[in-house]
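The structure appears right after this line, and notes come after that.
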Number of protein chains: 2
Amino acid sequence: MSESTVTVFVCVSCRRRLGDCDDAFTLPGRDLAEALRSRLQQGGHADVVVTPVDCLAVCKRPCTVALSGADKWTYLIGDLDPQLHVEEIVATALSLGASGNGIVPWRERPASFRKGVIARVPPITAKDDRQIFIPESVES
Amino acid sequence: MSESTVTVFVCVSCRRRLGDCDDAFTLPGRDLAEALRSRLQQGGHADVVVTPVDCLAVCKRPCTVALSGADKWTYLIGDLDPQLHVEEIVATALSLGASGNGIVPWRERPASFRKGVIARVPPITAKDDRQIFIPESVES
């Protein structure tokens, strides 16, 4: 795994309700994980890895992914659709991999990234050195 | 840093509005970070580190923290108050450190942890091995 490898964790537990019935739903994260893998195989982006996980605990904004890289900020993004957002997720992963610290400049963020951020987490190696952090609020 | 070290990233950008005015707010994360550090110094919990960060991008649920440990799931928890939740955050960090994978059993979770989860993220080392993951929905 190279320094620029990015893992896209895809929540495959997210339920998207069909109509008003609680018992009728789809699990769109499974389709999203498959679509991302298929797209990445076609594109030859070996530095982006797709890993399905059973729950990212963001149940109200399906589908959800987390994009993580070693020594980078992790971004959680929700409101994603397997039919609409595969290209944007791949672009986001590549931008995150190319960045030094995982913080992708606002102008490089696709719409789904700008609108869908649930949270972000510093790398475990981050120190109390706040001047290196760029608040999201400054970028938006 | 030992294997069980847990970092509590405290968002110090979270704004808590005072009344209905957008321009009147406090920054309770700063007090929370200070209160946690003071509490940990008293308690001698060297394996819990408090790191203020400028934005976790969970602006609607102040204060927010992220609890991270090497090779463990990271949990983001919001709706925290520096006057009310310091002991529960410390207890959560210690439980997370004592756990093998960062997933704290439901019965061990304080109320602020049960109610405040924003999201969780697998460790970067996680593989597509879903049977080892315990969905949050099973526990709740």
- Note on the structure: Per the helix-only model, chain B has a calculated mean residue ellipticity at 222 nm (DSSP H runs of ≥4, -39500 (n - 2.57) each, divided over all residues, rounded to the nearest 500) of -8000 deg cm²/dmol
- 0 to 90° range, to nearest 10: angle between helix B:28-43 axis and chain B longest Cα axis: 60
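Using the 10 angstrom Cβ neighbour count as an exposure proxy, how do B:Cys55, B:Cys21 rank, fewest first? Before the final figure, lay out each step's value.
On the way: B:Cys55 23, B:Cys21 8.
Exposure proxy ranking, most exposed first: B:Cys21, B:Cys55.
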- Task: Would you mind ranking B:Thr51, A:Thr125, B:Thr26 so that the residue whose beta carbon has the fewest other beta carbons within 10 Å leads the list?
- Result: A:Thr125, B:Thr26, B:Thr51
- Task: Can you bin the stretch A:1-110 into rounded, prolate or oblate? Criterion: square roots of the alpha carbon gyration tensor eigenvalues sorted a ≥ b ≥ c, rounded for a/c under 1.5, prolate for a/b above b/c, oblate for the rest.
- Result: prolate
- Task: Answer with one residue from B:Gly19, B:Ile124, B:Trp73: the one whose Cα lies farthest towards the positive end of the charge dipole of the protein assembly as shown, charges on Cβ with Lys, Arg +1 and Asp, Glu -1.
- Result: B:Gly19
- Task: Mind jotting down the distance between the C-alpha centroids of the stretch B:1-47 and the stretch A:34-113, whole Å?
- Result: 29
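Where the eigenvalues come from the Cα gyration tensor of the protein assembly as shown, what are the semi-axes √(5λ) of the equivalent ellipsoid, largest first, in whole Å?
Working: eigenvalues 168, 85, 80 Å².
Semi-axes from the Cα gyration tensor: 29, 21, 20 Å.
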- Note on the structure: In degrees, nearest 10, the alpha-carbon axis of helix A:86-98 is tilted away from the dominant principal axis of the alpha carbons of chain A by 20
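Check the protein assembly as shown and count each lysine pair with an alpha-carbon distance under 15 angstrom, considering only pairs eight or more places apart or from different chains. If you can, show how the numbers build up before the last one.
On the way: A:Lys60/A:Lys115; A:Lys60/B:Lys60; A:Lys60/B:Lys115; A:Lys72/A:Lys127; A:Lys115/B:Lys60; B:Lys60/B:Lys115; B:Lys72/B:Lys127.
Qualifying lysine pairs in the protein assembly as shown: 7.
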- Ascending list, in nanometres, of distances separating the A:Lys60 label from those of the other copies (7 Å, Cα toward Cβ): 0.6
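How big is the charge dipole of the stretch A:1-81 about its Cα centre, in debye rounded to the nearest 20, if each Lys and Arg gets +1 on its Cβ and each Asp and Glu gets -1 on its Cβ? Let's see the in-between values first.
Details: 9 positive and 11 negative charges, 11 e Å.
Once rounded to the nearest 20, the dipole reads 60 debye.
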- Message: Taking B:Ala98 in one copy and the same position in all the others, each labelled 7 Å out along Cα→Cβ, what are the pairwise distances from the first, in nm, shortest first?
- Response: 4.7
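Each reported figure results from applying straightforward, stated rules to the coordinates on display, with no laboratory input. Keep in mind it's a predicted model, so treat the numbers as computed, not measured. Please note: Cβ atoms are built from the backbone with ideal geometry, for glycine as well, and neighbour counts cover all protein chains shown.
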